[in-house]
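Below is one structure; the comments refer to it alone.
The values are calculated or read from the model by the stated rules, or taken from the named source; none is laboratory data. A quick note: this is a predicted structure, and the numbers were derived from the prediction, not measured. Note: ideal-geometry Cβ built from the backbone for every residue, glycine included; neighbour counts use all protein chains shown.
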Amino acid sequence: MSEAKSAERSRDILRVLTVACGRSVDQLLEQVADGHADELDSHQADCVHCQAALSELNSLWSPVVEFAKQPVQAPPGLVDNVMDRIYALAQDVWYTLQLSDIGAVKIAARVVGRLARDTARTVPGVRAALGRTSQGRIVQLVEAATRRHRHPHAAVGVLGRTAVVDIAVAVRYGEDVHEVAAEVQQRVIARLRHDVGLQLVNVNVTVDDVVI
Ligand SMILES: [Zn+2]
């Protein structure tokens, strides 16, 4: 089977897969393959699932881009191989996935979110850390409700070894708010890389409140 044909076959398979928000993996891959991974539409600008998928797909797709730039032929099966990996990742978009010779490690997005929030709370000056921001009391209700579900609120997007995490924090009155937020980002990124084995972590911090 030719490279083009087998790529076409793989894309047929990808077409049925979606990330957690419902966007098709195939469409996201097309965006990446066209070199537009950084150009987020209005949904993607707010969507941690799309953002995580675009980053992960972009890094998986990069060898294909590299070979396309060179005069040499890509090794046979390269595109197929990348497609197979993408397919494996997209099988369960609520889990991270790390594949190795000795097996697969999957970690639930829920766990990633929990670790992120717990880590945020260890930052001096942080009084509360919740999932995705919203207004005032509502966010606490959402948080409490979603804890019971198998899937967390939309605050964590994962694909493969990439995660995008939204955290809303309340900061103690009188603290340097920006400094506290930056420290939250750094600690959460370090923790998720170390404890979850993620490679690419983006942490968006929203300071929703100051507490006296
Ligand atoms: Zn999305």
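Of note:
- Some residue of region 12-21 being at pLDDT below 85 and charged (D, E, K, R): yes
- So C21, is it outside the structural domain of T206 (by TED's automatic domain parsing), in a helix (DSSP H, G or I) and within 14 Å of the ligand (Cβ to nearest atom): no
- Test for S42: is it more than 26 Å from V205 (Cα to Cα), out of contact with any Pro (no Cβ under 8 Å at 6 or more places or on another chain) and either of a type in the set (S, T, N, Q) or more than 10 Å from the ligand (Cβ to nearest atom) (or both): no
- Residues in region 24-62 that are modelled with pLDDT under 90 and out of contact with any Cys (no Cβ under 9 Å at 6 or more places or on another chain) were compared, and the one that is surrounded by the most Cβ atoms within 10 Å (Cβ to Cβ) is D46.
- Every pair of residues 6+ apart whose Cβ atoms lie under 6 Å, when the first sits in region 33-53 and is more than 15 Å from G22 (Cα to Cα) and without any contact (Cβ under 8 Å) to a residue 24 or more places away in the chain while the second is of a type outside the set (A, V, I, L, M, F, W, C) and more than 8 Å from the ligand (Cβ to nearest atom): A37/N58
This table checks each residue for (1) part of a loop (DSSP other than H, G, I, E, B); (2) of a type in the set (S, T, N, Q); (3) within 16 Å of the ligand (Cβ to nearest atom).
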site: D12; (1), (2), (3): no, no, no
site: Q27; (1), (2), (3): no, yes, yes
site: Q51; (1), (2), (3): no, yes, yes
site: E56; (1), (2), (3): no, no, yes
site: S59; (1), (2), (3): no, yes, no
site: S62; (1), (2), (3): no, yes, no
site: P71; (1), (2), (3): yes, no, no
site: P75; (1), (2), (3): yes, no, no
site: I86; (1), (2), (3): no, no, no
